[in-house]
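**Q** First, the structure itself, so that you have it in front of you.
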Amino acid sequence: MQQYNSVMKLRLFLVAVIVTFGVACSVKTVAVDHEGRPLHSFSVEGRPLQNSQFPAVASPTPSPVPSPTPTPVRIFVADQATNAIDIFNLTANGNVAPKFRIAGANTALGTPVGDGFDSSGTLYVLDQNPANIAEFSPGAHGDPSPAAVVSGGLTGLQNPQGIAVDPTGITYVTNSTGGASYISVYAAGSKGDRAPIATIFDGQDLLFIPAGIALFKSTLYVADPGDQQINEYNASAMGTVDPTAVITGLGNPNGIAVDSLGRIYVTDGDVVSVYAASARGGATPLRKISGPLTDTS
């Protein structure tokens, strides 16, 4: 039972997007707040990214970031154990029940593995089974039907692992096929059986088991536990491309986040490693969070 609880604890960690004070991160097991502090098991809905540029849908030139829509800042947990999104107040502490939940037959959530927000407050939930991206209107809770769902054979979603969302609603998903895995990119406003606008394959070393994915400015960061490294790609890349940079020497990287200064946070087994924005190759982490008091095992 203890082993099962440990597994489920790790499964509760999610792909998240922090959109507060300019932080951009998308992770499977770690997220960071605006001061660069690691956070676990949730995403925070707040203000959109600022001073960042992202690729346009139909052009390689950056899209303008939409004006922010004020939203309450809350904590969103992708809960695979109950097929739900649990929503807590930002100040939640201790043994407290969620303020709201998104759960029920209408949601059609099967195995939610991550979530993220665009600047309007729309919630994007990545579901593994069935493989789809479900969009929920700002403020959704209870048993709502998705406002839109990206699903079907044309989408190329295959064993999806992680999701990142830019302010305009462009979504980036890692797909783990056990071989030539890839990142699929979907246009803002996509719904139904829509093919991705871009698919990114690694031309240097195959993305073996891509997991968490983060978007910061014009760079995608992908944790690959199969190759035991972090791969970086230009967010506007298409087709087979070499990484713009890699960080090597990790053991089992799964979650990844980037704070507003570009520092990179990686969950590597039971350790959270923090790298400088300029980290390359076998760089030594700036610091590590590990040990029995961390409760990360």
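The values are calculated or read from the model by the stated rules, or taken from the named source; none is laboratory data. Quantities reported herein were computed from a predicted structural model and do not represent experimental measurements. Counting neighbours? That spans all protein chains shown, and the Cβs are built from the backbone with ideal geometry, glycine included.
**Q** Within region 202-220, restricting attention to residues that are closer than 19 Å to P160 by Cα and without any contact (Cβ under 8 Å) to a residue 60 or more places away in the chain, which residue is surrounded by the most Cβ atoms within 10 Å (Cβ to Cβ)? If you could, list the steps in order and put the result at the bottom.
**A** First, pick out the residues of region 202-220 that are closer than 19 Å to P160 by Cα: 202, 206-215, 220.
Now restrict to residues that are without any contact (Cβ under 8 Å) to a residue 60 or more places away in the chain: 202, 206-210, 220.
On the way: D202: 23, L206: 17, L207: 26, F208: 18, I209: 22, P210: 28, L220: 26.
Looking at the filtered set, the residue picked out is P210.
**Q** Kindly establish whether A223 is touching a Cys at 6+ places or on another chain (Cβ under 6 Å), part of a strand (DSSP E or B) and either modelled with pLDDT under 90 or within 23 Å of G116 (Cβ to Cβ) (or both). Full working, then the answer.
**A** Numbers: touching a Cys at 6+ places or on another chain (Cβ under 6 Å): no; part of a strand (DSSP E or B): yes; either modelled with pLDDT under 90 or within 23 Å of G116 (Cβ to Cβ) (or both): yes.
No, not satisfied.
**Q** Between A180, A257, which is farther than 15 Å from L126 by Cβ, buried (at least 18 other Cβ atoms within 10 Å of the Cβ) and not polar (S, T, N, Q)?
**A** Just a single option satisfies the conditions, and that option is A257.
**Q** On to the next question. When region 111-151 is examined, which residues are found to be exposed (fewer than 15 other Cβ atoms within 10 Å of the Cβ) and within 23 Å of S176 (Cβ to Cβ)?
**A** Residues satisfying the conditions are N129, P130.
**Q** Could you check region 156-177 and list, in sequence order, the residues that are surrounded by fewer than 16 Cβ atoms within 10 Å (Cβ to Cβ) and more than 17 Å from the chain's Cα centre (by Cα)?
**A** T177
**Q** Can I ask one more? Which of the numbered conditions does L250 fail, given that it passes all the others? Conditions: (1) part of a strand (DSSP E or B); (2) farther than 23 Å from G156 by Cβ.
**A** (1)
**Q** Within region 258-273, can you find the residues that are under 17 Å from the mean Cα position of the chain (by Cα) and more than 23 Å from V165 (Cβ to Cβ)? Explain how you work it out, then say what you get.
**A** So the first thing to find is which residues in region 258-273 are under 17 Å from the mean Cα position of the chain (by Cα), and the list is 258-260, 262-268, 272.
The answer is D268, and nothing else.
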